[in-house]
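The values are calculated or read from the model by the stated rules, or taken from the named source; none is laboratory data. These numbers were taken from a predicted model, which means no experiment stands behind them. Quick reminder, even Gly has a Cβ in these numbers, built from the backbone with ideal geometry, and neighbours come from all protein chains shown. These area figures cover heavy atoms from the full protein model, side chains too; ligands, DNA and RNA do not enter into them. Shrake-Rupley method; radii C 1.70, N 1.55, O 1.52, S 1.80 Å.
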Amino acid sequence: MLNSKRLVLAHFWLAFIVFGIALLLGEWQMFVRSPLNPWISNSELYYRSVTAHGSAMGYVFPTLIAMGFGYAITEFALKKPLIGGRWAWAGLALVAVGAVTAMIPVSLGLASILYTFYPPMIGNPFYYIGVVLVVVGSWIWVALMSINMAAWKRENPGKPVPLAMFANVAGAYLWGWTAVGAAIEVIVLILPVALGLKITIDAGLSRVFFSWTLHAIVYFWLMPTYIAYYTIFPRAIGGRLYSDAMARIAFILFVVVAMPIGVHHLFADPQVGAGFKFIQSVFTAMVALPTLVTIFTICASAELAGRLRGGKGPFGWVAALPWDNPMMLAVTFSFVMLGFGGAGGLINMSYQLDASIHNTQWITGHFHLIFAGAIVIMYFAIAYDLWPHLTGRALNGVRLMKAQLWLWFVGMIVTTFPWHYVGILGMPRRMASYDYADPAIAPQALSVSISVFGGLLLVVSAGLFFAVLIRGHRAAQADPGEYRFSVAVHEPVRVPVALNGFALWLTLMIALTAINYGYPIVQLLALKGNAVPAVYVGAAR
């Protein structure tokens, strides 16, 4: 039984409301910069919208999903009430207050600096304070996840931590350390300038600290998706998880190798040496390992389900899978988009190939295909799976769920594939307007218009998603029974210490971060004369 239903529902509903608003902003941005709309008269409005969209989608929405899902996992997996419920509510309040605090100056045009901050541009200090509050609220969740797992292990000495909780805590630890880079950048380097205590800033050092967070945050967004792959999907399609141990190894690999790779976002920046750029390019390739392990394990789990359903021959199990099941659809679509997005990521991580698509629409297509595509579609599936247990009511409308998932998948493909194409043609990202009458740009007009239509499909899909959830609150009361996670083919009775805790892996994570970031940071701190005058945005000062 879930004792924290209201807590989890509050996180999910706030997350999805933020998501809906940010999605509408995204579609508006696509429309105003397309040939379907006359030249935008005030480009600053576009950058306000981009900042709000990115900040909401990057910092608030996935953080709330991870927190809410984490609290549900804690009670369902450990089969005991959440320790620290009042602290959990306090964390939610901090995230909500921080989001509002950050968005007010953005909406007033006082912080149109994009969610990546981009010093020496400096916005209103309340934007940065709001972001810090969001992070502090999420750190409360990190602490609570660690405390709850430790308490369970004390009460159950020698027993394997349930896989869902192990993966949940892995995501929490990854985020706790990932956020440190941006926190240092904001608190130590940016806020003193935003508050008027300084008038110069070391933009290069700031960008290095942000790169600490910039790519690893993607794997934090990804954690609820991977948890659903391993602990919900096999059960939902009537099968079993192929291997508990391989699942634990995948999450450990994310903890260790997802952090020290962010400098590949700075390939075009001069303040980091070519050697360290190459090293982080190699580490970026290593992060494919947990994904490859996941693809193998989940496909094997699907084959088990198909054969249990009577599938015969080399591929008969594929046809036997429950393709009318929303979770089956969601994971399939997620894998397809993860495959395309990952293939694009191979270009981004290449020290040489990145030069051809750096800061083009290719980048926009890549991270939307990964986050808004592969990740968010699984957030929908998680909500569908949990909702009856959160509301105590039946969640009907399977056809509507399937239509919603199909629309999201098709909409994301139609949106992002043209972005990749025009990026290859050289279209820069984050531009408010383009002169499509220019013969050099005119060939890109059709692709940009197609992407606007894809965005419209996404808006319609989101509308269907909200309709499903709202109908769920109004449905007849029903007992969903005990919530169950997937069971492994060979349920572990005992697991090695290294696969049942994080002491070793956190040490490696911190050590690799120190190795890959220590020298560039120390070198930049030692260099004199790097500071440049701050550029205040709007009436920020």
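What does the charge count near PRO162 come to, summing +1 for each Lys or Arg and -1 for each Asp or Glu among other residues with Cβ under 12 Å from its Cβ?
Values: positive: LYS79, LYS80, LYS153, LYS159, ARG248, ARG484; negative: GLU75, ASP244, GLU491.
So the surrounding residues net to +3.
Can you work out ³J(HN,Hα) from phi for every residue in the range 412-428, in order, using Karplus 6.51 cos²θ - 1.76 cosθ + 1.60 and θ = phi - 60°, giving whole Hz and x for Gly and Pro?
5, 5, 5, 6, 8, 4, x, 5, 4, 5, 5, x, 4, 6, x, 5, x
Could you name the aspartates and glutamates in cross-link range of LYS277, using Cα to Cα under 16 Å and dropping any fewer than eight places away on the same chain?
ASP269, ASP354
Quick one: which residues, 5 or more positions from THR360 or on another chain, have an amide H under 5 Å from its amide H? H modelled 1.01 Å from N in the peptide plane, none for Pro or chain starts.
The list, which skips near neighbours in sequence, is ARG429.
Which length gain, in nm to one decimal place, applies between ILE199 and ILE83 when the Cα-Cα distance is subtracted from 0.36 nm times their residue separation? Intermediate values should be presented prior to the final figure.
Values: separation 116, 0.36 × 116 = 41.76 nm, distance 4.51 nm.
In short, 37.2 nm is gained.
Taking the Cα atoms of the range 273-396 alone, what are Rg (to one decimal) and Dmax (as a whole number) in Å?
For the range 273-396, the Cα radius of gyration and maximum Cα-Cα distance read 18.7, 57 Å.
Determine, for each peptide in 472-480, 422-430, 364-372, the mean count of other beta carbons within 10 angstrom over its residues, then list the peptides with the highest first. Walk me through the numbers on the way to the answer.
Working: 472-480: 12.1, 422-430: 18.0, 364-372: 23.1.
Top of the packing list down: 364-372, 422-430, 472-480.
With every protein chain present, what is the per residue accessible area of the chain (1.4 Å probe, Å²)?
The answer is 39 Å² per residue.
From the residues LEU407, SER49, MET67, which one has its Cα farthest along the dipole of the chain in the positive direction, the dipole being from +1 and -1 charges on Cβ of Lys/Arg and Asp/Glu about the Cα centre?
Toward the positive end, the furthest listed residue is MET67.
When only C-alpha pairs under 8 Å and at least 6 residues apart count, what is the relative contact order of the chain, in percent?
Worked out over the chain, it gives 21 percent.
Using only helices, what value at 222 nm comes out for the chain when you add -39,500 (n - 2.57) per DSSP H run of length 4 or more and divide by the total residues, to the nearest 500 deg cm²/dmol?
The helix contribution divided over the chain gives -22000 deg cm²/dmol.
Mind jotting down the distance between the C-alpha centroids of the range 164-180 and the range 95-146, whole Å?
20 Å
When ranked by the protection proxy of mean other Cβ atoms within 10 Å per residue, highest first, what sequence do the peptides 2-11, 482-491 form?
Numbers: 2-11: 19.1, 482-491: 15.0.
Averaged packing, sorted descending, gives the order 2-11, 482-491.
Could I have the simple spin-label model distance between HIS473 and ILE17, label points 7 Å from Cα toward Cβ, reported in nm to one decimal?
Label-label distance for HIS473 and ILE17, simple model: 0.9 nm.
Using the Cβ atoms and a cut-off under 15 Å, what net charge is assigned to the surroundings of ASN42, where Lys and Arg are +1 and Asp and Glu are -1?
It works out to a net charge of +1.
Apply the Kirkwood formula to the range 1-136: the hydrodynamic radius equals the inverse of the mean of 1/r over all pairs of different alpha-carbon atoms; give it in Å with one decimal.
16.1 Å
If the only charges are +1 at each Lys and Arg Cβ and -1 at each Asp and Glu Cβ, what is the size of the charge dipole of the range 398-531 around the Cα centre, to the nearest 20 debye?
180 debye
Quick one: what do you get for the chain if you divide its Cα Rg by 2.2 N^0.38 Å?
0.95
Any idea how far the Cα center of the range 340-406 sits from the one of the range 277-326, in Å?
17 Å
Is there a quick way to get the dipole size of the range 5-536? I mean about its Cα centre, with the Cβ of Lys and Arg at +1 and of Asp and Glu at -1; what is the value in debye to the nearest 20?
Working: 29 positive and 17 negative charges, 243 e Å.
That gives a dipole near 1160 debye.
Show me 216-229, 522-535, 113-126 ranked by packing, highest mean number of other Cβ atoms within 10 Å first.
Working: 216-229: 24.1, 522-535: 12.6, 113-126: 21.4.
Result, highest mean Cβ count within 10 Å first: 216-229, 113-126, 522-535.
Give the residue from VAL186, PRO35, PRO428 lying farthest towards the positive end of the charge dipole for the chain; charges sit on Cβ (+1 for Lys and Arg, -1 for Asp and Glu) and the dipole is referred to the Cα centre.
It is VAL186, whose Cα lies furthest towards the positive end.
Let's see if you can work this out: charge +1 on each Lys and Arg Cβ, -1 on each Asp and Glu Cβ, no other charges. What is the dipole magnitude of the range 197-307 about its Cα centre, in debye to the nearest 20?
160 debye
In whole Å, what is the distance between the alpha-carbon centres of the range 466-511 and the range 5-79?
24 Å
Within the chain, what whole-number % of the accessible surface is contributed by carbon and sulfur, with the 1.4 Å probe and all protein chains included in the calculation?
70 percent
Under the rule of at least 5 residues apart or a separate chain, name every residue whose amide H is placed under 5 Å from the amide H of TYR536.
Here ILE122 satisfy the definition.
Projecting each Cα onto the charge dipole of the range 238-321 (Lys/Arg +1, Asp/Glu -1 at the beta carbon, about the Cα centre), which of MET286, VAL318, ALA247 comes out farthest on the positive side?
It is VAL318.
Explain nothing, just compute: Karplus ³J(HN,Hα) = 6.51 cos²θ - 1.76 cosθ + 1.60, θ = phi - 60°, for every residue of the range 72-84 in order, whole Hz, x for Gly and Pro.
The phi angles translate into 5, 4, 4, 6, 5, 7, 7, 6, 7, x, 5, 7, x Hz.
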